[in-house]
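Below is one structure, written out as structure tokens; comments come after it.
The values are calculated or read from the model by the stated rules, or taken from the named source; none is laboratory data. Please read all numbers here as calculations on a predicted model, not as lab measurements. Neighbour counts run over all protein chains shown; Cβ positions are idealised from the backbone, glycine included. Heavy atoms of the whole protein, side chains included, go into the accessibility calculation; ligands, DNA and RNA do not. Shrake-Rupley method; radii C 1.70, N 1.55, O 1.52, S 1.80 Å.
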Amino acid sequence: MSPFRGSVPFTDTWEHFRVEHADGVATVTLNRPDKINALTFQAYADLRDLLAELPHRGDTRVLVLRGEGPGFCSGGDVNEIIGELLKMRPDEHLSFTRMTGDVVRALREVPIPVIASIHGIAAGAGSVLALAADFRIVARSARFAFLFTKVGLSGSDMGAAYLLPRIVGLGNATKLLMLGDTVKAPEADRYGLVSELVEDDELQIATDALARRLADGPALAYAQTKMLLTRELDMGLSPSLEMDAAVQALLMNTRDHAEFHRAFNAKETPNWEGR
């Protein structure tokens with residue numbers, strides 16, 4: 001985590017979702033269950049700002065995204081977003097679409113592992129939030145739907161055309177983004193979109209177990225691995241190898257690496273400090 005702080009205080013209250021911190025785990029719960037957690041302009045802005053703040057808090061080693069009620073997230077609110085966008089100017093449209101992209105960029109670049117815990121439907125923007133997470137723990141009855149073309153918009157919204165082919169391959173991504181059909185969790189699992197498929201009543205247990213493992217693990221090593229996975233997507237082999245070498249050499253000088261050696265010889269579990 002960054003040791004550098006400015007004068008702006010941390011946010012105590014987030015109005016457009018619920019945030020809880022416990023033992024290194026920050027849990028963001030989208031809490032509009034009556035609308036299957038449909039996103040608003042303000043929810044996007046809060047997610048953007050929360051993701052910028054988390055690395056500076058010093059109390060967060062993993063972030064969990066979940067939804068309250070019948071589903072994970074049904075996407076952008078049809079009336080509160082789409083209805084309002086129809087009244088806006090093109091420059092305002094661009095400000096909005098850039099903001100949604102900022103959320104996805106922040107999910108990929110925040111130096112904290114992100115888990116999407118998915119039940120019910122993950123649709124539209126909700127499916128892309130899940131896509132941008134590092135891990136997707138998915139209940140067997142869950143569904144994904146990249147709905148953008150079904151509302152007359154490009155299927156490549158919010159970076160989906162960049163991220164999805166890299167996870168499920170171009171053919172599957174083309175089908176998902178072009179047609180916008182609903183895909184059940186077992187099929188999404190076969191595509192490679194699912195990190196772990198679990199029975200519905202095991203979703204919380206599986207999410208908690210992974211969150212605990214990540215929160216107790218070598219945070220600095222996780223952060224650098226995430227950074228390299230994201231940065232090297234568009235790099236050739238030679239610059240990737242050079243970046244790997246530089247990062248690995250830096251990590252060889254960390255307290256965590258020395259702690260592994262001490263614990264190995266003492267036959268103990270390492271006490272990872274993230275330093």
I want the local charge near VAL183. Using Cβ-Cβ distances under 14 Å, sum +1 for each Lys or Arg and -1 for each Asp or Glu among the other residues.
+4
Among PRO186, PRO239, LEU153, which residue has its Cα positioned farthest towards the positive end of the charge dipole of the chain, with +1 placed on the Cβ of Lys and Arg, -1 on the Cβ of Asp and Glu, and the dipole taken about the Cα centre?
PRO239
Each label sits 7 Å from Cα toward the beta-carbon; between GLU15 and GLU202 the label points are separated, in nm, by 4.2
Give the dimensionless ratio obtained when the Cα radius of gyration of the chain is divided by 2.2 N^0.38 Å.
1.04
Note: ARG89 to LYS150 extended length (0.36 nm per residue) minus current alpha-carbon separation gives 19.7 nm
How large, in percent, is the carbon and sulfur part of the accessible surface of the chain at a probe radius of 1.4 Å?
56
Give me the dipole magnitude in Debye, nearest 20, for region 186-242 about the Cα centre, with unit charges on the beta carbon: positive for Lys and Arg, negative for Asp and Glu.
400
Descending accessible area (1.4 Å probe), largest on the left, turns ARG212, ARG190, ARG108 into ARG190, ARG212, ARG108
Measure of compaction for region 116-275 (Cα Rg per 2.2 N^0.38 Å):
1.25
Across LYS35/LYS226; LYS150/LYS175; LYS87/LYS175; LYS150/LYS226, pairs whose alpha-carbon gap is larger than 25 Å
LYS35/LYS226; LYS87/LYS175; LYS150/LYS226
Work out from phi, with θ = phi - 60° and the Karplus expression 6.51 cos²θ - 1.76 cosθ + 1.60, the ³J(HN,Hα) of each residue of region 44-58, listed in order in whole Hz, and give x for Gly and Pro.
4, 5, 5, 4, 4, 6, 4, 5, 6, 7, 3, x, 9, 6, x
For the TYR162, PHE264 Cβ pair and Förster radius 41 Å, calculated FRET efficiency rounded to 0.05 is 0.55
Quick one: accessible surface of LEU229, probe radius 1.4 Å, all protein chains present, in square angstrom to the nearest 10.
120
In Å², rounded to a whole number, the accessible area per residue of region 167-234 with probe 1.4 Å is 55
Subtracting the Cα-Cα distance of ALA52 and LEU241 from 0.36 nm times their residue separation yields 65.2 nm
Quick one: which residues, 5+ away or cross-chain, put their amide H under 5 Å from the amide H of ALA38? H built at 1.01 Å from N.
SER74
Total charge dipole magnitude, region 73-152, about the Cα centre, Cβ charges on Lys, Arg, Asp, Glu only, Debye to nearest 20
340
Distance in nm between SER2 and ASN79 label points, each 7 Å along Cα→Cβ, equals 3.9
